[in-house]
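Step one of this worksheet: look at the structure below.
The values are calculated or read from the model by the stated rules, or taken from the named source; none is laboratory data. Predicted, not measured: the structure shown is a model, and the values here were computed from it. Ideal geometry is used to build each Cβ from the backbone, glycine not excepted, and the neighbour counts take in all protein chains shown. Side chains are part of the model used for accessible areas, which takes the heavy atoms of the whole protein and leaves out ligands, DNA and RNA. Shrake-Rupley method; radii C 1.70, N 1.55, O 1.52, S 1.80 Å.
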Amino acid sequence: MTRALALPALAVAALLVAPLLVVASSIFSAGRGAWSHLAATVLPDYIVSTLLLAAGVGAAVLLIGAGNAWLVTHFRFPGRRLLEWALVLPLAVPGYVIAYAYTDFLQFSGPVQSALRELFGWRAGDYWFPDIRSLGGAVCVFSLVLYPYVYLLARAAFVEQSASLLESGRLLGRGAWGTFYRVALPLARPALAAGTALAVMETLADFGAVSYFGVQTFTTGIYRAWLSMGDAAAAGQLSAALLCVVALVLLAERASRGGARYHNPLSRRGDELHPLSRGRAIAVIAACLAAPVLGFVLPAAILLYRVWSEPGRLFDARFLSLSINSFTVSAIAAAAAVALAVLLAYAARITRWRPVHAANRVAALGYAMPGAVIAVGIMVPVARLDHWIADAVKAWFGVEAGLLLTGGAAALVYAYLVRFISVALQSVEAGLAGIRPSMEDAARSLGERPAGVLLRVHAPMMWSSLASAGLIVFVEVMKELPATFAMRPFNFDTLAVQAYQYASDERLPQAAAASLVIVAVSLAPVVLLARSIASSRRRG
């Protein structure tokens, strides 16, 4: 029975990793000649822009995330507990949404420049104002949205650090910030590197913001080769190059640790916080407030104002249809992801077979891959299979079957599963890890089969983990743009796609309505995460 459970798990893992293998094999494809044209013209720009964007975002999120984590875990000041979880709120705002909001706010006809012209009597050309739709603007936008990755991991690392080590640093003549640089920061290096790597990979995966800002990256190049030039092989080769960049990010994160060890053999710090003078407390509060205000409060206020100013024209039958599409496909993908994650995690637990454990780890690699790469890896073989099926049906039955797979939602849900199965798998594995093996052994001794043990013993005990996995995947699918934009069925749009298209057409009020719904839905897991931070702090 256990081997029978392992075989479906291995088959599912193979299906989830297949698109990545397809992309890797595209390096050897001939294509239609677009690759040579791209390599000779725009590929150097793709490389330079992508590397500059990744480096800028990596440095900024490290500064914002680690700095704020140190402030809320090391010092005592009014409002610290509120700011501790408020710093997580920007996770609810997708990068492309904040790009639309700030473009509306900072463009020439926006309220900021209009107020400056009215205040000083300036006209067009009389003053210089930074262009938000630029590489620098993209770095700022991604930094405001993605710094919580570093903040969360750095906060956890700082909380677990020993008070004795920090006190030793101060006894050696280091002040609070000297102890931070010399002791706390080096000890938290693995957490900081992991959080920065996550933020950089999310940046590399983005399509909406960089496309809207006109920044030429690998992701925009993939869509140009695929949708404009019609060369799937060139798109695959660009995807393979982007995979190499992602792999380099991951390898750099590993190599940065070298042979160093970061174990902390001493007791954790607990709630030993250092008081601040009134002036320094005000400065710290302002520093901690800046990130959530700029990354969540201000963009949400801009979206709310846009929706409030034109409510009658925004929430119509078309908007209702988009909302239904988004919620439907997100619910289907979430349910499927949880079911497959349960299969993979339970098979690994029951069989204790090393290939199953290895297959689970390989299947989880999809989360590190950009949606555009996954879309190419799915659409190329699926399109070929679709044409083969259509030709076979026509030859055998004389019927025009059309495109059955690429014209429906099945391929899109498949892409979501490849991208987000890791999210569900981690939550399910955590839930299973909290159940003692003796409980399932007792059920098995009473004659219960593995499927019965899962349904009657494990599922009720890990219900919260399953619900959390489904909720997180649901929200991730709601926000996902690159794969949805490329693989959505004909006449099937989602809120994310419509927000991008409206923003591209400079119809920002309509884009604001769709974006606001996405942000509202995304708040649910962020609020749960904030509550867990508060409760863990109280327990600590």
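Quick notes
- The number of residues in segment 489-529 being more than 29 Å from Ser109 (Cβ to Cβ), of a type outside the set (A, V, I, L, M, F, W, C) and out of contact with any helix residue (DSSP H, G or I) (no Cβ under 6 Å at 6 or more places or on another chain) comes to 2.
- Filter result for Arg306 (charged (D, E, K, R), over 30 Å from Val17 (Cβ atoms) and free of Cβ contacts under 8 Å to residues at least 60 places away in the same chain): no
- Selection of segment 307-349 for residues being assigned to a helix (DSSP H, G or I), modelled with pLDDT under 80 and surrounded by 13 or more Cβ atoms within 10 Å (Cβ to Cβ) yields Leu314, Arg349.
- Considering residues of segment 87-114 that are hydrophobic (A, V, I, L, M, F, W, C), surrounded by 13 or more Cβ atoms within 10 Å (Cβ to Cβ) and part of a loop (DSSP other than H, G, I, E, B) only, the residue nearest to the chain's Cα centre (by Cα): Val93
Yes/no per residue for (1) of a type outside the set (A, V, I, L, M, F, W, C); (2) at pLDDT 90 or above:
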{"residue": "Ala60", "(1), (2)": "no, yes"}
{"residue": "Phe75", "(1), (2)": "no, no"}
{"residue": "Leu91", "(1), (2)": "no, no"}
{"residue": "Ser114", "(1), (2)": "yes, no"}
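- Filtered residues of segment 230-253 (kept if over 21 Å from the mean Cα position of the chain (by Cα), modelled with pLDDT of 70 or more and open to solvent by 10 Å² or more (accessible area, probe 1.4 Å)): Ala233, Gln237
- Test: residue in segment 115-124 that is touching a residue at least 40 places away in the same chain (Cβ under 8 Å) and in a loop (DSSP other than H, G, I, E, B): no
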